[in-house]
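This report refers to the structure that appears directly beneath it.
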There are 2 protein chains.
Amino acid sequence: MGRSGETIEPGDGGLVSAAVGAISDHIRRHGLGPGDRLPSEADLSRSLAVSRSVVREALRALSALRLIDLRAGRRALVAELDDGAMSSVIAHGLHTDQITILQVYDVRRTIETRTAALAALHRSDAEAEEIGAHVEAMRSQSDLPERVMEEDLGFHRAIARAARNPVFALIVGSFECVTRQTWPINWRSRTRPEEQIAMIDIHRDIARAIAAGDPGRACEAMARHFDESVRVLAAAGQV
Amino acid sequence: MGRSGETIEPGDGGLVSAAVGAISDHIRRHGLGPGDRLPSEADLSRSLAVSRSVVREALRALSALRLIDLRAGRRALVAELDDGAMSSVIAHGLHTDQITILQVYDVRRTIETRTAALAALHRSDAEAEEIGAHVEAMRSQSDLPERVMEEDLGFHRAIARAARNPVFALIVGSFECVTRQTWPINWRSRTRPEEQIAMIDIHRDIARAIAAGDPGRACEAMARHFDESVRVLAAAGQV
DNA sequence: CAAAGAGACCTGTCTGACAGGTTTTGTGAT
DNA sequence: ATCACAAAACCTGTCAGACAGGTCTCTTTG
(Lines give C-alpha, C1' and ligand atoms only; values in the text may rest on other atoms or scores of the structure.)
Protein backbone atom coordinates (compact mmCIF):
# COMPACT_ATOMS: atom_id res chain seq x y z
CA MET A 1 0.00 0.00 0.00
CA GLY A 2 1.44 3.32 -1.12
CA ARG A 3 2.52 4.84 2.17
CA SER A 4 2.57 8.56 1.40
CA GLY A 5 3.44 10.83 4.25
CA GLU A 6 1.55 9.64 7.30
CA THR A 7 -1.18 7.60 5.70
CA ILE A 8 -3.18 5.70 8.27
CA GLU A 9 -2.62 1.98 8.60
CA PRO A 10 -5.66 -0.23 8.14
CA GLY A 11 -6.72 -2.82 10.66
CA ASP A 12 -6.85 -0.26 13.46
CA GLY A 13 -9.66 0.18 15.90
CA GLY A 14 -11.25 2.80 13.71
CA LEU A 15 -10.02 5.58 11.49
CA VAL A 16 -10.41 8.18 14.22
CA SER A 17 -8.13 6.52 16.77
CA ALA A 18 -5.62 5.95 14.01
CA ALA A 19 -5.83 9.64 13.14
CA VAL A 20 -5.35 10.59 16.79
CA GLY A 21 -2.20 8.49 16.81
CA ALA A 22 -0.98 9.97 13.54
CA ILE A 23 -1.47 13.54 14.75
CA SER A 24 0.27 12.78 18.06
CA ASP A 25 3.10 11.27 16.08
CA HIS A 26 3.24 14.36 13.93
CA ILE A 27 3.75 16.49 17.02
CA ARG A 28 6.45 14.16 18.27
CA ARG A 29 8.30 13.68 14.99
CA HIS A 30 8.34 17.38 14.19
CA GLY A 31 9.37 18.21 17.74
CA LEU A 32 6.49 20.65 18.12
CA GLY A 33 6.14 22.47 21.42
CA PRO A 34 3.43 24.53 23.10
CA GLY A 35 2.13 27.23 20.78
CA ASP A 36 3.25 25.58 17.55
CA ARG A 37 0.63 25.25 14.83
CA LEU A 38 -0.68 21.99 13.43
CA PRO A 39 -1.58 21.48 9.78
CA SER A 40 -5.07 22.54 8.76
CA GLU A 41 -7.92 20.06 8.78
CA ALA A 42 -7.85 19.97 5.00
CA ASP A 43 -4.12 19.19 4.98
CA LEU A 44 -4.52 16.45 7.56
CA SER A 45 -7.48 15.07 5.65
CA ARG A 46 -5.31 14.84 2.54
CA SER A 47 -2.17 13.45 4.16
CA LEU A 48 -4.02 10.89 6.27
CA ALA A 49 -6.37 10.04 3.41
CA VAL A 50 -9.52 10.31 5.51
CA SER A 51 -12.49 12.63 5.44
CA ARG A 52 -12.56 15.90 7.28
CA SER A 53 -15.13 14.44 9.74
CA VAL A 54 -12.58 11.90 10.89
CA VAL A 55 -9.88 14.54 11.23
CA ARG A 56 -12.23 16.77 13.18
CA GLU A 57 -13.17 14.00 15.60
CA ALA A 58 -9.50 13.20 16.09
CA LEU A 59 -8.68 16.85 16.78
CA ARG A 60 -11.62 17.05 19.15
CA ALA A 61 -10.29 14.03 21.04
CA LEU A 62 -6.84 15.58 21.38
CA SER A 63 -8.48 18.80 22.46
CA ALA A 64 -10.42 16.98 25.17
CA LEU A 65 -7.12 15.64 26.49
CA ARG A 66 -5.81 19.21 26.33
CA LEU A 67 -2.95 18.20 24.11
CA ILE A 68 -4.01 20.82 21.57
CA ASP A 69 -6.01 24.05 21.64
CA LEU A 70 -8.86 24.55 19.19
CA ARG A 71 -10.32 27.93 18.38
CA ALA A 72 -12.67 28.98 15.59
CA GLY A 73 -10.97 30.16 12.44
CA ARG A 74 -7.48 29.38 13.72
CA ARG A 75 -5.37 26.33 13.18
CA ALA A 76 -4.98 23.97 16.12
CA LEU A 77 -2.08 24.77 18.46
CA VAL A 78 -0.01 22.43 20.59
CA ALA A 79 -1.16 23.09 24.15
CA GLU A 80 0.64 23.76 27.37
CA LEU A 81 0.42 21.18 30.13
CA ASP A 82 -2.96 21.51 31.75
CA ASP A 83 -4.81 19.67 34.48
CA GLY A 84 -8.19 19.83 32.75
CA ALA A 85 -8.14 16.28 31.47
CA MET A 86 -7.02 14.73 34.74
CA SER A 87 -9.56 16.84 36.51
CA SER A 88 -12.33 15.38 34.35
CA VAL A 89 -11.17 11.86 35.11
CA ILE A 90 -11.25 12.45 38.85
CA ALA A 91 -14.64 14.15 38.67
CA HIS A 92 -16.01 11.24 36.67
CA GLY A 93 -14.64 8.76 39.18
CA LEU A 94 -16.38 10.61 41.99
CA HIS A 95 -19.69 11.02 40.19
CA THR A 96 -19.87 7.37 39.25
CA ASP A 97 -18.92 6.27 42.76
CA GLN A 98 -15.74 4.61 41.62
CA ILE A 99 -13.67 6.64 44.05
CA THR A 100 -14.47 8.37 47.31
CA ILE A 101 -13.59 11.76 48.63
CA LEU A 102 -11.57 10.26 51.45
CA GLN A 103 -9.49 8.34 48.95
CA VAL A 104 -8.74 11.58 47.15
CA TYR A 105 -7.78 13.17 50.44
CA ASP A 106 -5.36 10.35 51.18
CA VAL A 107 -3.64 10.99 47.86
CA ARG A 108 -3.69 14.74 48.41
CA ARG A 109 -2.06 14.29 51.80
CA THR A 110 0.63 12.14 50.28
CA ILE A 111 1.29 14.58 47.45
CA GLU A 112 0.96 17.85 49.29
CA THR A 113 3.11 17.01 52.28
CA ARG A 114 5.77 16.47 49.66
CA THR A 115 5.04 19.69 47.71
CA ALA A 116 5.22 21.61 50.96
CA ALA A 117 8.64 20.16 51.72
CA LEU A 118 9.85 20.78 48.18
CA ALA A 119 8.50 24.31 48.23
CA ALA A 120 10.44 24.97 51.41
CA LEU A 121 13.56 23.84 49.59
CA HIS A 122 13.03 25.44 46.18
CA ARG A 123 10.79 28.46 46.63
CA SER A 124 11.88 31.83 45.30
CA ASP A 125 11.32 34.87 47.50
CA ALA A 126 8.47 35.95 45.23
CA GLU A 127 6.81 32.57 45.68
CA ALA A 128 7.15 32.70 49.48
CA GLU A 129 5.63 36.14 49.25
CA GLU A 130 2.69 34.91 47.15
CA ILE A 131 1.99 31.98 49.45
CA GLY A 132 1.96 34.28 52.45
CA ALA A 133 -0.30 36.72 50.61
CA HIS A 134 -2.93 34.01 50.13
CA VAL A 135 -2.95 33.34 53.87
CA GLU A 136 -3.23 37.03 54.61
CA ALA A 137 -6.15 37.31 52.20
CA MET A 138 -7.89 34.38 53.89
CA ARG A 139 -7.49 36.04 57.25
CA SER A 140 -8.65 39.48 56.16
CA GLN A 141 -11.73 38.24 54.29
CA SER A 142 -12.80 35.56 56.71
CA ASP A 143 -16.38 36.80 56.57
CA LEU A 144 -16.61 35.90 52.86
CA PRO A 145 -16.44 32.10 52.65
CA GLU A 146 -16.37 32.18 48.85
CA ARG A 147 -13.27 34.36 48.91
CA VAL A 148 -11.59 32.34 51.64
CA MET A 149 -12.03 29.21 49.57
CA GLU A 150 -10.54 30.79 46.46
CA GLU A 151 -7.54 31.99 48.45
CA ASP A 152 -7.19 28.56 50.00
CA LEU A 153 -7.16 26.93 46.57
CA GLY A 154 -4.67 29.51 45.35
CA PHE A 155 -2.52 28.78 48.39
CA HIS A 156 -2.24 25.09 47.55
CA ARG A 157 -1.66 25.82 43.85
CA ALA A 158 1.09 28.28 44.69
CA ILE A 159 2.83 25.74 46.88
CA ALA A 160 2.64 23.15 44.11
CA ARG A 161 4.18 25.64 41.69
CA ALA A 162 6.91 26.54 44.16
CA ALA A 163 7.82 22.84 44.37
CA ARG A 164 9.14 23.30 40.80
CA ASN A 165 7.76 20.07 39.50
CA PRO A 166 4.89 20.48 37.05
CA VAL A 167 3.74 16.92 37.62
CA PHE A 168 2.91 17.76 41.22
CA ALA A 169 1.12 20.89 40.06
CA LEU A 170 -0.85 18.80 37.58
CA ILE A 171 -2.04 16.37 40.22
CA VAL A 172 -2.83 19.02 42.81
CA GLY A 173 -4.75 20.96 40.16
CA SER A 174 -6.77 17.93 39.15
CA PHE A 175 -8.07 17.58 42.70
CA GLU A 176 -9.35 21.13 42.87
CA CYS A 177 -12.82 20.04 41.81
CA VAL A 178 -12.96 17.81 44.89
CA THR A 179 -11.90 20.59 47.20
CA ARG A 180 -14.53 22.89 45.76
CA GLN A 181 -17.12 20.36 46.89
CA THR A 182 -15.74 19.60 50.31
CA TRP A 183 -14.44 23.00 51.34
CA PRO A 184 -17.84 24.46 52.27
CA ILE A 185 -18.58 21.44 54.44
CA ASN A 186 -15.31 21.91 56.21
CA TRP A 187 -15.92 25.61 56.73
CA ARG A 188 -19.53 25.29 57.87
CA SER A 189 -18.57 22.77 60.50
CA ARG A 190 -16.38 25.43 62.14
CA THR A 191 -19.07 27.63 63.54
CA ARG A 192 -17.07 29.46 66.19
CA PRO A 193 -14.71 32.20 64.98
CA GLU A 194 -11.78 30.73 66.91
CA GLU A 195 -12.22 27.47 65.01
CA GLN A 196 -12.04 29.32 61.72
CA ILE A 197 -9.00 31.20 62.90
CA ALA A 198 -7.35 27.96 63.98
CA MET A 199 -7.78 26.61 60.47
CA ILE A 200 -6.25 29.70 58.93
CA ASP A 201 -3.45 29.49 61.47
CA ILE A 202 -2.45 26.09 60.16
CA HIS A 203 -2.12 27.65 56.73
CA ARG A 204 0.02 30.37 58.24
CA ASP A 205 2.26 27.75 59.85
CA ILE A 206 2.75 26.08 56.48
CA ALA A 207 3.52 29.38 54.80
CA ARG A 208 6.01 30.32 57.51
CA ALA A 209 7.81 27.00 57.35
CA ILE A 210 8.11 27.34 53.57
CA ALA A 211 9.31 30.93 53.89
CA ALA A 212 11.83 29.79 56.52
CA GLY A 213 13.08 27.06 54.18
CA ASP A 214 12.27 24.35 56.71
CA PRO A 215 10.99 21.29 54.79
CA GLY A 216 10.41 19.18 57.88
CA ARG A 217 8.18 21.75 59.53
CA ALA A 218 6.38 22.47 56.25
CA CYS A 219 5.65 18.80 55.77
CA GLU A 220 4.50 18.36 59.34
CA ALA A 221 2.21 21.40 59.21
CA MET A 222 0.70 20.25 55.91
CA ALA A 223 0.10 16.80 57.42
CA ARG A 224 -1.67 18.46 60.37
CA HIS A 225 -3.78 20.42 57.90
CA PHE A 226 -4.97 17.26 56.15
CA ASP A 227 -5.46 15.27 59.33
CA GLU A 228 -7.65 18.05 60.60
CA SER A 229 -9.64 18.27 57.35
CA VAL A 230 -10.19 14.54 57.20
CA ARG A 231 -11.25 14.51 60.85
CA VAL A 232 -13.84 17.21 60.21
CA LEU A 233 -15.04 15.54 57.01
CA ALA A 234 -15.41 12.19 58.72
CA ALA A 235 -17.29 13.80 61.62
CA ALA A 236 -19.65 15.43 59.12
CA GLY A 237 -20.50 12.01 57.67
CA GLN A 238 -17.69 12.14 55.05
CA VAL A 239 -20.27 13.17 52.45
CA MET B 1 -36.04 30.43 27.32
CA GLY B 2 -37.89 27.21 26.59
CA ARG B 3 -35.78 24.69 28.41
CA SER B 4 -36.91 21.38 26.92
CA GLY B 5 -35.05 18.41 28.28
CA GLU B 6 -31.38 19.27 28.19
CA THR B 7 -31.26 21.84 25.42
CA ILE B 8 -27.89 23.50 25.14
CA GLU B 9 -27.54 27.04 26.38
CA PRO B 10 -26.26 29.55 23.88
CA GLY B 11 -23.27 31.76 24.53
CA ASP B 12 -21.03 28.80 25.28
CA GLY B 13 -17.58 28.30 23.86
CA GLY B 14 -18.97 26.24 21.04
CA LEU B 15 -21.77 23.75 20.64
CA VAL B 16 -19.48 20.79 21.10
CA SER B 17 -18.16 21.76 24.52
CA ALA B 18 -21.70 22.54 25.55
CA ALA B 19 -22.73 19.08 24.37
CA VAL B 20 -19.87 17.51 26.30
CA GLY B 21 -21.14 19.25 29.41
CA ALA B 22 -24.71 18.21 28.74
CA ILE B 23 -23.79 14.57 28.27
CA SER B 24 -21.64 14.58 31.42
CA ASP B 25 -24.58 16.12 33.24
CA HIS B 26 -26.83 13.43 31.88
CA ILE B 27 -24.58 10.77 33.39
CA ARG B 28 -24.53 12.60 36.70
CA ARG B 29 -28.24 13.41 36.90
CA HIS B 30 -29.32 9.91 35.98
CA GLY B 31 -26.79 8.41 38.35
CA LEU B 32 -25.30 6.25 35.61
CA GLY B 33 -22.44 3.96 36.51
CA PRO B 34 -19.88 1.92 34.56
CA GLY B 35 -21.56 -0.21 31.91
CA ASP B 36 -24.77 1.83 31.70
CA ARG B 37 -25.87 2.86 28.23
CA LEU B 38 -26.14 6.42 26.98
CA PRO B 39 -28.87 7.62 24.63
CA SER B 40 -28.24 7.09 20.93
CA GLU B 41 -26.60 9.80 18.86
CA ALA B 42 -29.92 10.52 17.20
CA ASP B 43 -31.64 10.91 20.59
CA LEU B 44 -28.93 13.22 21.86
CA SER B 45 -29.05 15.16 18.63
CA ARG B 46 -32.76 15.71 19.13
CA SER B 47 -32.71 16.47 22.85
CA LEU B 48 -29.74 18.82 22.61
CA ALA B 49 -31.02 20.35 19.38
CA VAL B 50 -27.72 20.07 17.56
CA SER B 51 -26.59 18.10 14.54
CA ARG B 52 -25.29 14.59 14.78
CA SER B 53 -21.78 15.85 13.91
CA VAL B 54 -21.73 17.91 17.07
CA VAL B 55 -22.97 15.00 19.15
CA ARG B 56 -20.38 12.72 17.61
CA GLU B 57 -17.54 15.14 18.35
CA ALA B 58 -18.76 15.47 21.91
CA LEU B 59 -18.90 11.70 22.35
CA ARG B 60 -15.47 11.40 20.82
CA ALA B 61 -14.14 13.92 23.34
CA LEU B 62 -15.62 12.00 26.26
CA SER B 63 -14.23 8.82 24.80
CA ALA B 64 -10.75 10.35 24.63
CA LEU B 65 -11.04 11.13 28.33
CA ARG B 66 -12.15 7.53 28.83
CA LEU B 67 -15.36 8.60 30.49
CA ILE B 68 -17.32 6.55 27.97
CA ASP B 69 -16.66 3.57 25.72
CA LEU B 70 -17.49 3.77 22.03
CA ARG B 71 -17.84 0.74 19.80
CA ALA B 72 -19.30 0.39 16.33
CA GLY B 73 -22.98 -0.41 16.18
CA ARG B 74 -23.41 -0.21 19.95
CA ARG B 75 -24.57 2.67 22.06
CA ALA B 76 -21.95 4.46 24.13
CA LEU B 77 -21.38 3.01 27.60
CA VAL B 78 -20.26 4.75 30.75
CA ALA B 79 -16.66 3.62 31.26
CA GLU B 80 -14.76 2.27 34.20
CA LEU B 81 -11.99 4.36 35.68
CA ASP B 82 -8.98 4.10 33.43
CA ASP B 83 -5.53 5.65 33.37
CA GLY B 84 -5.45 6.10 29.59
CA ALA B 85 -6.25 9.80 29.62
CA MET B 86 -3.78 10.68 32.36
CA SER B 87 -1.22 8.55 30.62
CA SER B 88 -1.64 10.61 27.43
CA VAL B 89 -1.20 13.83 29.37
CA ILE B 90 2.05 12.67 30.93
CA ALA B 91 3.35 11.36 27.60
CA HIS B 92 2.52 14.68 25.96
CA GLY B 93 4.32 16.57 28.70
CA LEU B 94 7.42 14.47 28.17
CA HIS B 95 7.38 14.67 24.38
CA THR B 96 6.99 18.43 24.38
CA ASP B 97 9.71 18.86 27.00
CA GLN B 98 7.35 20.37 29.52
CA ILE B 99 8.30 17.79 32.14
CA THR B 100 11.38 15.65 32.67
CA ILE B 101 11.78 12.03 33.51
CA LEU B 102 13.41 12.86 36.83
CA GLN B 103 10.41 14.95 37.78
CA VAL B 104 8.18 11.98 37.09
CA TYR B 105 10.44 9.80 39.21
CA ASP B 106 10.18 12.21 42.10
CA VAL B 107 6.40 11.95 41.97
CA ARG B 108 6.55 8.20 41.59
CA ARG B 109 8.76 7.96 44.64
CA THR B 110 6.36 10.05 46.64
CA ILE B 111 3.35 8.03 45.52
CA GLU B 112 4.80 4.56 45.57
CA THR B 113 6.46 4.71 48.96
CA ARG B 114 2.95 5.40 50.16
CA THR B 115 1.29 2.63 48.10
CA ALA B 116 3.87 0.19 49.46
CA ALA B 117 3.03 1.19 53.02
CA LEU B 118 -0.72 1.03 52.35
CA ALA B 119 -0.35 -2.33 50.63
CA ALA B 120 1.44 -3.66 53.71
CA LEU B 121 -1.55 -2.55 55.76
CA HIS B 122 -4.40 -3.53 53.47
CA ARG B 123 -3.23 -6.38 51.22
CA SER B 124 -5.23 -9.58 51.04
CA ASP B 125 -3.34 -12.86 51.09
CA ALA B 126 -4.02 -13.30 47.39
CA GLU B 127 -2.53 -9.89 46.68
CA ALA B 128 0.59 -10.64 48.72
CA GLU B 129 0.81 -13.85 46.74
CA GLU B 130 0.51 -12.03 43.40
CA ILE B 131 3.14 -9.43 44.32
CA GLY B 132 5.54 -12.17 45.32
CA ALA B 133 4.80 -14.08 42.10
CA HIS B 134 5.89 -11.08 40.03
CA VAL B 135 9.22 -11.00 41.86
CA GLU B 136 9.66 -14.72 41.38
CA ALA B 137 8.93 -14.35 37.65
CA MET B 138 11.52 -11.56 37.40
CA ARG B 139 14.09 -13.74 39.04
CA SER B 140 13.40 -16.85 36.96
CA GLN B 141 13.37 -15.06 33.60
CA SER B 142 16.24 -12.69 34.24
CA ASP B 143 17.72 -13.54 30.85
CA LEU B 144 14.70 -12.05 29.07
CA PRO B 145 14.75 -8.30 29.73
CA GLU B 146 11.42 -7.79 28.00
CA ARG B 147 9.77 -10.25 30.37
CA VAL B 148 11.51 -8.86 33.43
CA MET B 149 10.22 -5.39 32.58
CA GLU B 150 6.64 -6.60 32.19
CA GLU B 151 6.81 -8.38 35.54
CA ASP B 152 8.32 -5.27 37.10
CA LEU B 153 5.47 -3.14 35.79
CA GLY B 154 2.96 -5.73 37.00
CA PHE B 155 4.66 -5.69 40.41
CA HIS B 156 4.14 -1.95 40.82
CA ARG B 157 0.58 -2.15 39.50
CA ALA B 158 -0.24 -4.98 41.89
CA ILE B 159 1.06 -2.97 44.85
CA ALA B 160 -1.02 0.03 43.80
CA ARG B 161 -4.11 -2.18 43.63
CA ALA B 162 -3.35 -3.72 47.01
CA ALA B 163 -3.24 -0.21 48.48
CA ARG B 164 -7.03 -0.23 47.92
CA ASN B 165 -7.21 3.29 46.61
CA PRO B 166 -8.00 3.53 42.89
CA VAL B 167 -6.61 7.06 42.73
CA PHE B 168 -3.15 5.75 43.54
CA ALA B 169 -3.60 3.02 40.95
CA LEU B 170 -4.63 5.64 38.41
CA ILE B 171 -1.53 7.73 38.98
CA VAL B 172 0.85 4.79 39.06
CA GLY B 173 -0.71 3.49 35.86
CA SER B 174 -0.34 6.80 34.11
CA PHE B 175 3.41 6.73 34.67
CA GLU B 176 3.85 3.33 33.07
CA CYS B 177 4.70 4.90 29.72
CA VAL B 178 7.66 6.62 31.38
CA THR B 179 8.89 3.42 32.94
CA ARG B 180 8.71 1.64 29.62
CA GLN B 181 11.15 4.20 28.28
CA THR B 182 13.55 4.26 31.19
CA TRP B 183 13.50 0.65 32.27
CA PRO B 184 15.82 -0.64 29.54
CA ILE B 185 18.35 2.08 30.37
CA ASN B 186 18.27 1.03 33.96
CA TRP B 187 18.67 -2.62 33.08
CA ARG B 188 21.44 -2.15 30.53
CA SER B 189 23.50 -0.18 33.00
CA ARG B 190 23.64 -3.25 35.24
CA THR B 191 25.98 -5.37 33.21
CA ARG B 192 27.14 -7.78 35.89
CA PRO B 193 24.67 -10.51 36.94
CA GLU B 194 25.08 -9.66 40.63
CA GLU B 195 23.95 -6.11 39.86
CA GLN B 196 20.82 -7.40 38.19
CA ILE B 197 20.19 -9.74 41.10
CA ALA B 198 20.65 -6.89 43.56
CA MET B 199 17.93 -4.97 41.76
CA ILE B 200 15.56 -7.90 41.89
CA ASP B 201 16.43 -8.37 45.56
CA ILE B 202 15.13 -4.90 46.35
CA HIS B 203 11.84 -5.93 44.80
CA ARG B 204 11.88 -9.05 46.94
CA ASP B 205 12.45 -6.95 50.04
CA ILE B 206 9.44 -4.82 49.17
CA ALA B 207 7.30 -7.88 48.55
CA ARG B 208 8.36 -9.46 51.82
CA ALA B 209 7.67 -6.33 53.84
CA ILE B 210 4.21 -6.11 52.29
CA ALA B 211 3.57 -9.79 52.92
CA ALA B 212 4.74 -9.33 56.51
CA GLY B 213 2.38 -6.40 56.95
CA ASP B 214 5.23 -4.05 57.84
CA PRO B 215 4.46 -0.62 56.33
CA GLY B 216 7.64 1.01 57.59
CA ARG B 217 9.91 -1.56 56.00
CA ALA B 218 7.83 -1.58 52.81
CA CYS B 219 8.12 2.18 52.52
CA GLU B 220 11.83 2.15 53.25
CA ALA B 221 12.52 -0.61 50.71
CA MET B 222 10.48 1.19 48.03
CA ALA B 223 12.41 4.39 48.76
CA ARG B 224 15.66 2.47 48.33
CA HIS B 225 14.34 1.12 45.03
CA PHE B 226 13.68 4.61 43.69
CA ASP B 227 16.87 6.12 45.03
CA GLU B 228 18.77 3.40 43.28
CA SER B 229 16.86 3.88 39.99
CA VAL B 230 17.35 7.63 40.03
CA ARG B 231 21.05 7.18 40.80
CA VAL B 232 21.49 4.88 37.82
CA LEU B 233 19.42 7.12 35.55
CA ALA B 234 21.40 10.18 36.58
CA ALA B 235 24.67 8.34 36.02
CA ALA B 236 23.47 7.36 32.53
CA GLY B 237 22.91 11.04 31.70
CA GLN B 238 19.28 11.02 32.92
CA VAL B 239 18.10 10.71 29.30
C1' DC C 1 -37.71 -24.98 23.80
C1' DA C 2 -33.69 -23.62 21.43
C1' DA C 3 -31.41 -22.00 17.40
C1' DA C 4 -31.31 -19.58 13.08
C1' DG C 5 -32.75 -15.77 10.28
C1' DA C 6 -34.90 -11.21 9.21
C1' DG C 7 -35.58 -6.64 10.31
C1' DA C 8 -34.90 -2.53 13.05
C1' DC C 9 -31.56 0.16 15.11
C1' DC C 10 -27.19 2.24 15.61
C1' DT C 11 -22.60 3.79 14.68
C1' DG C 12 -18.57 4.82 11.28
C1' DT C 13 -17.41 7.32 7.40
C1' DC C 14 -17.94 10.27 3.31
C1' DT C 15 -19.49 14.31 0.60
C1' DG C 16 -20.97 18.85 -0.06
C1' DA C 17 -22.43 23.25 1.62
C1' DC C 18 -22.43 27.67 4.04
C1' DA C 19 -21.70 31.04 7.90
C1' DG C 20 -18.52 33.42 10.51
C1' DG C 21 -13.70 33.96 12.38
C1' DT C 22 -8.59 34.83 11.24
C1' DT C 23 -4.59 35.56 8.62
C1' DT C 24 -2.54 37.31 4.67
C1' DT C 25 -2.29 40.23 0.89
C1' DG C 26 -2.62 44.22 -1.58
C1' DT C 27 -3.54 48.98 -1.94
C1' DG C 28 -3.38 53.71 -0.94
C1' DA C 29 -1.97 57.57 1.85
C1' DT C 30 1.69 59.69 4.41
C1' DA D 1 9.80 53.41 2.31
C1' DT D 2 6.30 52.73 5.79
C1' DC D 3 2.11 52.36 8.01
C1' DA D 4 -2.95 51.78 8.16
C1' DC D 5 -6.77 49.87 6.29
C1' DA D 6 -9.65 47.10 3.29
C1' DA D 7 -10.28 42.98 0.49
C1' DA D 8 -9.37 38.36 -0.43
C1' DA D 9 -7.96 33.84 0.80
C1' DC D 10 -8.05 30.57 4.23
C1' DC D 11 -9.81 28.08 8.05
C1' DT D 12 -12.92 26.25 11.41
C1' DG D 13 -17.86 25.39 13.22
C1' DT D 14 -22.05 23.48 12.08
C1' DC D 15 -25.56 21.34 9.32
C1' DA D 16 -27.90 17.89 6.12
C1' DG D 17 -28.10 13.71 3.72
C1' DA D 18 -26.39 9.24 2.37
C1' DC D 19 -24.70 4.56 2.75
C1' DA D 20 -22.00 0.54 4.57
C1' DG D 21 -21.49 -2.49 8.14
C1' DG D 22 -21.97 -3.92 13.08
C1' DT D 23 -25.45 -5.11 16.90
C1' DC D 24 -29.60 -6.18 19.00
C1' DT D 25 -34.20 -8.16 19.10
C1' DC D 26 -37.98 -10.59 17.81
C1' DT D 27 -40.00 -13.98 15.25
C1' DT D 28 -40.08 -18.05 12.95
C1' DT D 29 -38.63 -22.68 12.41
C1' DG D 30 -36.57 -27.20 13.48
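The values are calculated or read from the model by the stated rules, or taken from the named source; none is laboratory data. Being a predicted model, the structure only gives us computed values, none of them experimental. Counting neighbours? That spans all protein chains shown, and the Cβs are built from the backbone with ideal geometry, glycine included. Calculation scope for accessible area: heavy atoms of the full protein, side chains included, ligands and nucleic acids excluded. Shrake-Rupley method; radii C 1.70, N 1.55, O 1.52, S 1.80 Å.
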Those residues of segment B:74-104 which are in contact (Cβ under 8 Å) with a residue 60 or more places away in the chain, open to solvent by 10 Å² or more (accessible area, probe 1.4 Å) and either facing another protein chain (nearest Cβ under 7 Å) or not in a loop (DSSP other than H, G, I, E, B) (or both), in sequence order | B:LEU81, B:SER87, B:ALA91, B:LEU94, B:ILE101, B:LEU102
Any idea which of B:ALA126, B:ALA117 is closer than 21 Å to B:ARG208 by Cβ and either out of contact with any Pro (no Cβ under 6 Å at 6 or more places or on another chain) or open to solvent by less than 10 Å² (accessible area, probe 1.4 Å) (or both)?
-> B:ALA126
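For every residue, the table says whether it meets (1) within 13 Å of chain B (Cβ to nearest Cβ); (2) assigned to a helix (DSSP H, G or I); (3) farther than 23 Å from B:ILE90 by Cβ; (4) not acidic (Asp, Glu).
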site: A:GLY13; (1), (2), (3), (4): yes, no, no, yes
site: A:VAL16; (1), (2), (3), (4): yes, yes, no, yes
site: A:VAL20; (1), (2), (3), (4): yes, yes, no, yes
site: A:HIS26; (1), (2), (3), (4): yes, yes, no, yes
site: A:PRO39; (1), (2), (3), (4): no, no, yes, yes
site: A:LEU44; (1), (2), (3), (4): no, yes, yes, yes
site: A:VAL50; (1), (2), (3), (4): no, no, yes, yes
site: A:VAL55; (1), (2), (3), (4): yes, yes, yes, yes
site: A:ARG71; (1), (2), (3), (4): yes, no, yes, yes
If you go through segment B:3-13 one residue at a time, do you hit one that is modelled with pLDDT of 95 or more, open to solvent by less than 70 Å² (accessible area, probe 1.4 Å) and touching an Asp or Glu at 6+ places or on another chain (Cβ under 8 Å)?
-> no
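Here's the yes/no breakdown for (1) closer than 30 Å to A:TYR105 by Cα; (2) among the hydrophobic types (A, V, I, L, M, F, W, C); (3) in the same structural domain as B:ILE200 (by TED's automatic domain parsing):
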position: B:SER140; (1), (2), (3): no, no, yes
position: B:LEU144; (1), (2), (3): no, yes, yes
position: B:VAL148; (1), (2), (3): no, yes, yes
position: B:HIS156; (1), (2), (3): yes, no, yes
position: B:ILE159; (1), (2), (3): yes, yes, yes
position: B:ARG164; (1), (2), (3): yes, no, yes
Taking into account only those residues within segment B:57-73 that are open to solvent by 70 Å² or more (accessible area, probe 1.4 Å), within 26 Å of the chain's Cα centre (by Cα) and near DNA strand C (Cβ under 7 Å from one of its atoms), which is nearest to A:ASP97 (Cα to Cα)?
-> B:ARG71
Taking helices (runs of 4 or more DSSP H) that do not extend beyond segment B:127-226, which have at least 3 residues that are of a type in the set (Val, Ile, Thr)?
-> B:166-174, B:176-188, B:193-211
Please indicate, with yes or no, whether at least one residue in segment A:126-146 is over 22 Å from A:MET199 (Cα atoms) and more than 14 Å from DNA strand D (Cβ to nearest atom).
-> yes
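Mind counting the residues in segment B:31-56 that are within 16 Å of DNA strand C (Cβ to nearest atom), of a type outside the set (Val, Ile, Thr) and more than 27 Å from the chain's Cα centre (by Cα)?
13
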